[in-house]
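The values are calculated or read from the model by the stated rules, or taken from the named source; none is laboratory data. Everything quoted here is computed from the prediction, not taken from an experiment. Quick reminder, even Gly has a Cβ in these numbers, built from the backbone with ideal geometry, and neighbours come from all protein chains shown. To get the accessible areas, we keep the full protein, side chains included, count just its heavy atoms, and leave off ligands, DNA and RNA. Shrake-Rupley method; radii C 1.70, N 1.55, O 1.52, S 1.80 Å.
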Amino acid sequence: MQITTIGLDIAKNVFQVHGVDRQGQAVLRRKVRRDQLLALFRRLEPCLIGIEACATAHHWARQLQALGHQVRLMPPAYVKAYVKRNKNDAADAEAICEAVTRPTMRFVPIKSPDAQSVLMLHRARQLLVRQRTAQVSALRAHLAEYGIIAPKGRPHVQQLVDLLDSGADGLPELARQTLLLIADLISGLSQQIRKIEIELMKWHRANAMCQRLETIPGIGFITATALAATVNDARAFRSGRQFSAWLGLVSKQHSSGGKERLGAISKMGDRYLRHLLVVGATAVLRYTRRQATTVSRWADRLRERKPARLVTVALANKIARIAWAIMARGETYRTAAAV
């Protein structure tokens with residue numbers, strides 16, 4: 001039994017294996033428990049293994065590569081087309097086995113443990129920021145019931161906390177003690193977020209790619225570390241447009257019969273990276289009067305005839321293309337002052 005290609009459908013405890021020989025005949029169909037998986041592949045000759053790029057996929061890819069196998073990860077959306085009829089583990093494994101051999105299939109680079117650790121910091125920070133926002137909103141809403149408000153923005157929340165500490169707001173004592181608990185929670189979340197940002201800054205200063213990305217207008221150390229950790233090899237994308245399309249920053253097409261119909265951005269790909277780039281583009285537009293550059297001048301000309309939010313997304317698209325060029329070519333952003 002000479003197995004050349006295997007489709008592996010991973011799960012939490014039970015995995016499905018589908019293997020074929022050189023003629024494409026199925027020679028292995030088997031369910032394997034988690035603790036038996038590596039033992040099975042250790043007995044097999046090195047072969048091509050396809051896995052959907054989902055939870056735990058990068059871990060198993062590294063484990064199987066260590067055994068001498070060639071492992072390729074694929075987006076689940078691209079594998080779905082190869083499922084023939086009903087969906088089950090066996091059909092999924094067969095579809096993965098078929099999809100991994102297609103010459104036009106697009107693959108996901110396998111992330112290193114270091115890159116996954118940096119992305120874990122980003123996900124933890126994002127979670128804590130959402131929790132802090134929820135607590136700030138709760139504090140404002142509860143105090144508004146007593147006629148106590150503060151200007152918009154997180155920096156102004158400290159005014160509300162100072163009122164609670166001083167006791168000069170006329171609140172009932174029970175309400176004050178309850179709101180002080182929320183204020184303490186907000187302070188604790190801010191400290192945890194700061195610790196994560198310090199770790200990200202350390203990694204940023206030790207990574208040359210991050211420092212080159214930070215030279216681009218609209219990209220700070222948060223976005224730079226997220227890009228460097230997510231995109232292992234920018235040369236996997238043929239062009240900057242393909243990279244921005246992967247991020248969902250290009251128009252969705254509904255073209256047919258030779259007529260091009262372009263809609264809103266597709267919003268495909270990594271939502272977190274897209275969010276960071278749009279926020280960075282918004283900052284560039286907001287502070288363009290302080291230091292005009294070629295990028296801001298281009299955005300200003302576009303803003304004369306297009307809505308502000310459309311210009312922001314267009315600028316995020318442009319920033320993404322510049323970031324791809326820097327990552328793919330190892331260059332540094334060349335600043336040119338506007339004239």
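Quick notes
- Region 4-83 shape via C-alpha gyration tensor axes, a/c threshold 1.5: rounded
- Carbon/sulfur fraction of accessible area - region 12-139, other protein chains in place, 1.4 Å, %: 50 percent
- Kirkwood hydrodynamic radius (C-alpha pairs) into Stokes-Einstein, region 129-269, 20 °C and 1.002 mPa s, D in µm²/s: 111 µm²/s
- Distance cut-off 20 Å, percentage of C-alpha pairs in region 195-259 lying past it: 41 percent
- Unit charges on C-beta of K, R, D, E only; dipole of the chain, Debye: 1240 debye
- Reducing region 5-58 and region 299-339 to their Cα centroids gives an inter-centroid distance of 44 Å.
- For region 226-339, a/c is not less than 1.5, where a ≥ b ≥ c are the root eigenvalues of the C-alpha gyration tensor, and a/b does not top b/c. That puts it in the oblate class.
- Distance between modelled label sites at Ser239 and Arg123, nm, 7 Å Cα→Cβ extension: 3.3 nm
- Distances between placed amide hydrogens fall under 5 Å for Ile265 paired with Lys252, all partners being 5 or more residues away or on another chain.
- Which listed pairs, of Lys111/Lys252; Lys252/Lys306; Lys31/Lys84, have C-alpha distances above 23 Å, in listed order: Lys111/Lys252
- By DSSP, the beta bridges lying fully in the chain are antiparallel in about 65 percent of cases.
- With protein chains left intact and a 1.4 Å probe, residues in region 143-237 average 55 Å² of accessible area per residue.
- Distance from region 152-220 to region 74-106 (C-alpha centre basis), Å: 45 Å
- Whole-Å semi-axes of the ellipsoid equivalent to region 16-137 (Cα gyration tensor, √5λ, descending): 32, 18, 14
- Exposed loop sites were defined as GluC sites (Glu not before Pro) in DSSP loop states (anything but H, G, I, E or B) carrying at most 12 other C-beta atoms within 10 Å; in the chain the longest segment without such a site runs 1-144.
- Dipole of region 138-232, positive direction: furthest Cα of Ala208, Ile196, Ala224, with charges on the beta-carbon: Ala208
- Within region 143-213, the trypsin sites (Lys or Arg not before Pro) that combine a DSSP coil assignment with at most 11 other C-beta atoms in a 10 angstrom radius are Lys152.
- Restricting the trypsin sites (Lys or Arg not before Pro) of region 13-67 to loop positions (DSSP other than H, G, I, E, B) with no more than 15 neighbouring Cβ atoms within 10 Å leaves Arg22.
- Here, the chain has an Rg and a Dmax of 25.3, 82 Å when only alpha carbons are counted.
- Rounded to whole Hz, the Karplus (6.51, -1.76, 1.60) HN-Hα couplings of region 241-248, x for glycine and proline: 5, 5, 5, 5, 5, 4, 7, x
- Heavy-atom surface analysis with a 1.4 Å probe gives region 209-278 a carbon and sulfur content of 48 percent of its accessible area.
- Neighbour count of at most 16 Cβ within 10 Å plus DSSP loop: longest chymotrypsin sites (Phe, Trp or Tyr not before Pro)-free window in the chain: 147-286
- Inter-label distance, Val32 to Glu260: 4.8 nm, where each label sits 7 Å from its Cα along the C-beta direction.
- Among the trypsin sites (Lys or Arg not before Pro) found in region 237-316, those both in a DSSP coil and sparsely packed, with 16 or fewer other Cβ atoms within 10 Å of their Cβ, are Arg238, Arg261, Lys267, Arg289, Arg290, Arg305.
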